[in-house]
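All remarks here apply to the structure that follows.
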Amino acid sequence: MGAAAIENLIGERRKNGKFVSLFDFSRRVDSRTNNRKVIETLIRCGAFDSLGALRSQMMAVVDQALSTGAKVQREEEAGQMSFFSMEEDSGGFTKQADVYPPMKEFPQSQLLAFEKELLGFYLSGHPLDRYKVETKTFTNASVGKLRRMSEGQPVSLIALISQIKLTVTKKTGERMAILGFEDLEGAVEALVFPKAYQQIFRSIKAGAIVVVKGKLSLKEESPKILVDDLCDINEIYRLIKAITIDMTKAGPEKLVTLRKRLERFPGTVPVHLQINDKSYKSFEIKVGRDLNVSPSEVLMEEIKSIVGEEAFRVVI
């Protein structure tokens, strides 16, 4: 955003109070400086989240808001009174333009991508927030733990690829990569030497969430990971041999809901239901083969939404 656009909208807010909707904003600020690009930027980065509409809804009505705002501003410049300025004296006149279409919000991953692109950091969350169960199940490390581990120790972690630098070795001229990994605890640099690079280069994509396996190097001031293997987060679900779901605190309705969700992911991996009675005895029931599943990120999210993150575990 340019300085003129920022000064204009801040000046208007100080003079006439907070903006109450996207349409209110478009009517009040100078459309010559706060144009489509500015408004879309403010929506995508979350600056308008307090206005009571979803980012997806606001993006859907940008044209309408700009058109309405430009019309009001033309009328005011011509000394005319618009319908909107008459609202309080019109006995309940409703701003029909201030209606947003019924629609779902953008996926969380898309919202976070917008924030990262425009702000340089994640504001409303982190892409790895949803992988807490997978992190607990499939990894033995995090960025924050690396300094407490030993030189050469095997490490596995789930991280986001934040930086990619492709280069070649000095001796042989073979292709290798220097990667930046980021998780909820910080960032770490990783080296992918030629042999490993040839095996995993297709999985190296900026912004991808991956499972990293390698060895820890503590020879320099900051820890580094020497990467042996790397795969997309979705590929780890192939390692799951069984899923156990704790239904102790779930009622009959959740059991019915769970069955319907499992039926949507047919496969070969068995599902076990665990129930703890009042005498602290634990019973585990293997459901029928017709409810065997094919594990995936979507299935895990479905299970989490029913029983919670801590109420299920996987066997690998």
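Can we say A65 is assigned to a loop (DSSP other than H, G, I, E, B), at pLDDT 85 or above, among the small types (G, A, S) and within 33 Å of the chain's Cα centre (by Cα)? Give the steps one after another, and end with the answer.
On the way: assigned to a loop (DSSP other than H, G, I, E, B): no; at pLDDT 85 or above: yes; among the small types (G, A, S): yes; within 33 Å of the chain's Cα centre (by Cα): yes.
No; evaluated as a whole, the condition is false for this residue.
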Can you tell me which residue in the stretch 1-38 is farthest from Y100 (Cα to Cα), limited to those that are surrounded by fewer than 19 Cβ atoms within 10 Å (Cβ to Cβ) and among the acidic types (D, E)?
E7
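Which of the residues belonging to the stretch 287-313 are over 23 Å from the mean Cα position of the chain (by Cα) and surrounded by 13 or more Cβ atoms within 10 Å (Cβ to Cβ)?
Keep residues of the stretch 287-313 that are over 23 Å from the mean Cα position of the chain (by Cα), which gives 287-294.
Scanning the stretch 287-313 gives V287, L291, N292, V293, S294.
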How do the pairs read when you match residues in the stretch 126-148 that are over 23 Å from P223 (Cα atoms) with residues anywhere that are among the charged types (D, E, K, R) and in a helix (DSSP H, G or I), using Cβ under 8 Å and keeping only pairs 6 or more apart or on different chains?
R130/E301; V133/K304
Identity of the residue in the stretch 119-132, buried (at least 18 other Cβ atoms within 10 Å of the Cβ) and part of a helix (DSSP H, G or I), that ends up modelled with the highest pLDDT:
Y131
Of all the residues that make up the stretch 136-152, how many are open to solvent by 70 Å² or more (accessible area, probe 1.4 Å), more than 15 Å from E189 (Cβ to Cβ) and not in a loop (DSSP other than H, G, I, E, B)?
3
Please go through the stretch 1-21 and give me each residue that is in contact (Cβ under 8 Å) with a residue 24 or more places away in the chain, in a helix (DSSP H, G or I) and touching a helix residue (DSSP H, G or I) at 6+ places or on another chain (Cβ under 6 Å), ordered by number.
A5
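The values are calculated or read from the model by the stated rules, or taken from the named source; none is laboratory data. As the structure is a prediction and not an experimental result, all values here were calculated from the model. When we count neighbours, we look across all protein chains shown, and the Cβ atoms used for this are built from the backbone with ideal geometry, even at glycine. Surface areas here come from the heavy atoms of the whole protein model, side chains and all, with no ligands, DNA or RNA. Shrake-Rupley method; radii C 1.70, N 1.55, O 1.52, S 1.80 Å.
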